Amino acid sequence: MSTAAPSRPSLTAEPRAITGKKVAAIRREGRLPAVVYGHGIDSENVSVDAHEFDLLRRQVGQNALIDLSVNGSKAQPVLIHGVQVHPVHRRPIHVDLFLVRMTEELTVDVPLVATGISRAVEDENGTLLHPTENVRVKALPDHLPQSIEYAIDSLVDFDAVIKVSDLTIPGDVTLLTDPDEIIAKVQAPRIEVEPEPVVAEGEEEAEEGAEEGAAEGATASEGGPTDREETAES
């Protein structure tokens with residue numbers, strides 16, 4: 001199963017002449033520096049409203065088409081191709097917008113979403129693993145899936161796996177990822193075994209010597225009279 005955005009959101013931009021380190025002034029004004037580029041066109045420096053972009057980014061998937069209007073011009077479809085974020089506060093500081101051609105197929109990565117319940121997890125205390133979390137597909141821009149769902153109910157034991165070939169891919173989408181790649185499995189719980197204490201060679205010999213000494217002492221006390229007793233008797 002796949003999900004796609006039902007309608008195309010919009011975003012407005014303004015031409016930007018400031019570049020380099022001076023773009024910090026644009027950010028202080030609540031604008032986000034951006035670049036619009038695509039096949040066969042010159043890249044264009046623009047800026048968008050930072051708050052508007054943040055709201056839009058929260059609402060759409062990574063492969064969602066957006067109608068971008070620059071300086072009041074006719075809107076054109078773009079993809080959010082890359083977002084640079086601040087290393088501390090994690091807010092966007094720059095965005096790349098890829099201008100698409102609606103008749104030209106695109107290659108993108110689509111996130112996988114697990115649904116359902118695995119008995120191996122619920123009943124056997126296993127750990128669900130996702131060796132592959134995205135698959136690569138090719139499709140026309142308005143046919144790109146936002147995500148692909150798959151059920152994990154078939155993971156009933158630790159030998160069961162779900163592969164890329166088990167996914168349901170829309171007919172207008174071409175799958176590029178290896179079908180044999182595993183996308184989900186359940187790992188058995190680890191059983192911790194208490195390690196036996198390790199005795200060093202020197203300590204082992206000392207213990208043996210102590211045991212022998214204790215045994216000789218016990219023999220002497222259990223044997224005949226001591227020298228002092230023999231002297232007294234004589």
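The values are calculated or read from the model by the stated rules, or taken from the named source; none is laboratory data. Given the structure is predicted, the values throughout are model-derived calculations rather than measurements. With ideal geometry, Cβ positions are generated from the backbone for all residues, glycine too; neighbour counts draw on all protein chains shown.
Give me the pairs, please: first residue somewhere in region 14-29 and part of a helix (DSSP H, G or I), second residue anywhere and of a type in the set (Asp, Glu), beta-carbon distance under 6 Å, and either six or more positions apart or on two chains.
none
Within region 151-173, work out how many residues are among the hydroxyl-bearing types (Ser, Thr, Tyr) and either assigned by TED's automatic domain parsing to the domain that holds Ala64 or touching a residue at least 60 places away in the same chain (Cβ under 8 Å) (or both).
So the count comes out to 1.
What is the number of the single condition among (1) within 25 Å of Val36 (Cβ to Cβ); (2) free of Cβ contacts under 8 Å to residues at least 40 places away in the same chain; (3) in contact with a strand residue (DSSP E or B) (Cβ under 6 Å, 6 or more places away or on another chain); (4) in a loop (DSSP other than H, G, I, E, B) that Pro145 does not meet?
(2)
Here's the yes/no breakdown for (1) in a loop (DSSP other than H, G, I, E, B); (2) in contact with a Leu (Cβ under 7 Å, 6 or more places away or on another chain); (3) on the phi > 0 side of the Ramachandran plot; (4) surrounded by fewer than 17 Cβ atoms within 10 Å (Cβ to Cβ):
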| site | (1), (2), (3), (4) |
| --- | --- |
| Pro33 | no, no, no, no |
| Ile41 | yes, yes, no, yes |
| Val46 | no, no, no, no |
| Ile66 | no, yes, no, no |
| Ser69 | no, no, no, yes |
| Ser73 | yes, no, no, yes |
| Ile80 | no, yes, no, no |
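Can we say Thr107 is in a loop (DSSP other than H, G, I, E, B) and exposed (fewer than 13 other Cβ atoms within 10 Å of the Cβ)? Steps first, please.
Details: in a loop (DSSP other than H, G, I, E, B): no; exposed (fewer than 13 other Cβ atoms within 10 Å of the Cβ): yes.
So Thr107 fails the test.
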